[in-house]
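The values are calculated or read from the model by the stated rules, or taken from the named source; none is laboratory data. All values reported here derive from a predicted model rather than from experimental measurement. All Cβ positions, glycine included, derive from the backbone under ideal geometry; neighbour counts span all protein chains shown.
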């Protein structure tokens, strides 16, 4: 049974991984479909079929709103890794997070199973959720989420810190697209998916947020370990 009670206008760290730690994103199109779902399923209205709008999705474009949405949540941050994903969500309407995550998990699983001729659960049970209770946790958690792809080139960064920031920074800015970090530093990637106003207002501008990301230290993980759901 879920113990987290979701309240409107509160912030939550949401996480899930593939069943048996399997990969849930196998290629570029899988990543794009999930990002499409983040946008399209964040709506009290029925979702538009992916096949009808996929021609709008190009390498560096935002989604075109075809009608006003009635959003269930605000997506503050997201990051996709090969076998898991992280989200920071704000619930906007009653049961908004639950409804959104059900649509997201069911919709992506059905498409993945059809594409790869498999059946059964794709994700490891119910999604995990923790309430973010203050601004410090929110900012540090956003940094942790946006640095997750560093694991693909520095596997021990969470314990030892980042040893080669130049290499990691180049990877985050030029070699990886499946997260909200690029939009936070002014490089339009999938800007329609997230609401970045709050975090950027805390830091002042995109340059200061980028500086904050660069200042990661291994000890930062200890300060937010209660909010890490992996």
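Is it the case that some residue within region 154-168 is at pLDDT 95 or above and buried (at least 20 other Cβ atoms within 10 Å of the Cβ)?
Looking through region 154-168, none of the residues is at pLDDT 95 or above and buried (at least 20 other Cβ atoms within 10 Å of the Cβ).
Starting from region 126-138, take each residue that is closer than 25 Å to residue 106 by Cα and list its partners that are in a loop (DSSP other than H, G, I, E, B), counting only C-beta distances under 6 angstrom and pairs at least six apart or across chains.
The qualifying pairs are 128/229; 129/4.
Suppose the filter is modelled with pLDDT under 95, closer than 20 Å to residue 179 by Cα and not assigned by TED's automatic domain parsing to the domain that holds residue 147; does residue 54 pass it?
Criteria met by residue 54.
Of these, 30, 74, which one is at pLDDT 95 or above and in a strand (DSSP E or B)?
Values: 30 fails: in a strand (DSSP E or B).
Of the residues listed, the single one that is at pLDDT 95 or above and in a strand (DSSP E or B) is 74.
Could you check region 186-201 and list, in sequence order, the residues that are over 14 Å from residue 149 (Cβ atoms) and assigned to a loop (DSSP other than H, G, I, E, B)?
Step one: list which residues in region 186-201 are over 14 Å from residue 149 (Cβ atoms), which gives 186-188, 190-201.
Within region 186-201, 186, 187, 188, 190, 191, 192, 193, 194, 195, 196 qualify.
Working only within region 1-18, note down all residues that are at pLDDT 95 or above and touching a strand residue (DSSP E or B) at 6+ places or on another chain (Cβ under 6 Å). Lay out the reasoning, then the answer.
At the first step, the residues of region 1-18 found to be at pLDDT 95 or above are 6-18.
Within region 1-18, 6, 8, 11, 12, 13, 14, 15, 16, 17 meet the criteria.
Just to verify a result, which residue in region 148-185, among those that are in contact with a strand residue (DSSP E or B) (Cβ under 9 Å, 6 or more places away or on another chain) and in a helix (DSSP H, G or I), is farthest from residue 199 (Cα to Cα)? Break it down stepwise before answering.
Filtering region 148-185 down to residues in contact with a strand residue (DSSP E or B) (Cβ under 9 Å, 6 or more places away or on another chain) leaves 148-149, 151-152, 172, 178-181, 184.
Pick out the ones that are also in a helix (DSSP H, G or I) and you get 148-149, 151-152, 172, 181, 184.
Working: 148: 18, 149: 20, 151: 24, 152: 25, 172: 19, 181: 12, 184: 9 Å.
My answer is 152.
Considering only residues of region 202-216 that are over 21 Å from residue 13 (Cα atoms) and either assigned to a loop (DSSP other than H, G, I, E, B) or touching a strand residue (DSSP E or B) at 6+ places or on another chain (Cβ under 6 Å) (or both), which is modelled with the lowest pLDDT?
Checking each candidate, the answer is 215.
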